[in-house]
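Trainee: Dumping the structure here so I can ask a few things about it.
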Amino acid sequence: MQIEQVVIDDLSEILSLQKLAFQNEAEIYSDCKIPPLTQSLEDIKEEFQQKVFLKAAVNSEIIGSVRAFKEKRSCYIGKLIVHPDFQNQGVGTRLIQEVEGIFRDAEYFVLWTGHKSEKSICFYQKLGYKAVKATFDIRDNKFLRLEKRKYRVTE
């Protein structure tokens with residue numbers, strides 16, 4: 001498995017994978033209009049201009065992706081996706097670790113996940129993320145903000 005930065009020609013494939021990967025979330029929330037399922041190619045191209053996109057590939061097939069950006073002291077991570085056939089094989093962990101390495105100067109790593117997404121919550125907690133607060137979106141879905149603080153050793 002290779003972890004690499006995404007190029008613009010990958011975005012269509014990533015968008016298709018995103019829609020496949022978020023089907024489970026849509027079922028959990030009984031909401032087929034969650035943002036990852038309604039994002040257009042134009043939307044993802046715009047987002048691509050503002051964030052770092054990474055992909056996990058096996059034999060040039062994209063099997064996972066994540067995007068992130070840094071603002072002030074925090075790195076914000078979003079849309080971690082892994083093809084269903086490759087879940088629970090370390091792909092998501094490798095993608096998160098790569099983001100944390102790229103943004104190693106960040107003091108905090110921040111992400112959100114749905115409050116009913118028990119598998120995702122457990123996954124992020126295993127990586128050291130802790131739920132710090134809940135928020136609601138415009139459709140009254142509850143999201144948890146999870147953070148991981150990077151502790152700096154001072155002499």
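The values are calculated or read from the model by the stated rules, or taken from the named source; none is laboratory data. Since we're looking at a predicted model, the values are computed, not measured. Here Cβ is always computed from backbone atoms with ideal geometry, including for glycine, and neighbour counts include all displayed protein chains. The area values use the complete protein model at the heavy-atom level, side chains included, leaving out ligands, DNA and RNA. Shrake-Rupley method; radii C 1.70, N 1.55, O 1.52, S 1.80 Å.
Trainee: Report the extension gain between residue 27 and residue 61 in nm, rounded to one decimal, defined as 0.36 nm multiplied by the number of residues separating them, less their alpha carbon distance.
Mentor: Value of the extension gain: 9.6 nm.
Trainee: Further question: Can you bin segment 74-147 into rounded, prolate or oblate? Criterion: square roots of the alpha carbon gyration tensor eigenvalues sorted a ≥ b ≥ c, rounded for a/c under 1.5, prolate for a/b above b/c, oblate for the rest. Numbers along the way, then the final one.
Mentor: Working: a/c = 1.93, a/b = 1.16, b/c = 1.66.
Note, shape of segment 74-147 comes out oblate.
Trainee: Would you work out if segment 1-90 is rounded, prolate or oblate? Take a ≥ b ≥ c from the square roots of the eigenvalues of the alpha-carbon gyration tensor; rounded if a/c is under 1.5, else prolate when a/b is larger than b/c, oblate otherwise. Provide the component values of the computation, followed by the final result.
Mentor: Values: a/c = 1.40, a/b = 1.09, b/c = 1.29.
Rounded, because the longest to shortest axis ratio a/c is under 1.5.
Trainee: If I take R0 = 35 Å and measure r between the Cβ atoms of residue 132 and residue 12 in this structure, what FRET efficiency does the formula 1/(1 + (r/R0)^6) give, to the nearest 0.05? List each step's numbers first, then the result.
Mentor: Values: r = 35 Å, r/R0 = 1.00.
Taking R0 as 35 Å, the efficiency between residue 132 and residue 12 is 0.50.
Trainee: Rounded, prolate or oblate, given the Cα gyration tensor of segment 44-112, with a/c below 1.5 counting as rounded?
Mentor: On the way: a/c = 2.23, a/b = 1.56, b/c = 1.43.
Prolate, because a/c is 1.5 or more and a/b exceeds b/c.
Trainee: What is the distance, in nm, between label points placed 7 Å from the Cα along the Cα-to-Cβ direction at residue 4 and at residue 119?
Mentor: 2.8 nm
Trainee: Ok, one more. Quick one: give the max-minus-min coordinate of the C-alpha atoms of the chain along each principal axis, largest first, in Å.
Mentor: Over the chain, Cα extents along the principal axes are 48, 37, 30 Å.
Trainee: Using only Cα atoms, locate the centre of segment 32-93 and the centre of segment 105-135, then give the distance between them in Å, rounded to an integer.
Mentor: Comparing the Cα centres of segment 32-93 and segment 105-135, I get a distance of 16 Å.
Trainee: Quick one: putting +1 on the C-beta of Lys and Arg, -1 on the C-beta of Asp and Glu, what dipole do you get for segment 50-143 around its Cα centre, in Debye to the nearest 20?
Mentor: Numbers: 16 positive and 10 negative charges, 50 e Å.
Dipole of segment 50-143, to the nearest 20 debye: 240 debye.
Trainee: If each of residue 20 and residue 107 carries a label point 7 Å out from its Cα toward its Cβ, how far apart are those two points in nm?
Mentor: Output for this residue pair reads 4.1 nm.
Trainee: State the percentage of accessible surface on the chain attributable to carbon and sulfur atoms; use a 1.4 Å probe and exclude ligands, DNA and RNA.
Mentor: On the way: 4390 of 9210 Å².
The C+S portion of the solvent-accessible surface of the chain is 48 percent.
Trainee: Another one. In this model, which of 19/150; 45/126; 45/130; 33/119 are farther than 28 Å apart at the alpha-carbon? Let's see the in-between values first.
Mentor: Details: 19/150 32 Å; 45/126 32 Å; 45/130 31 Å; 33/119 21 Å.
Distance filter (> 28 Å) returns 19/150; 45/126; 45/130.
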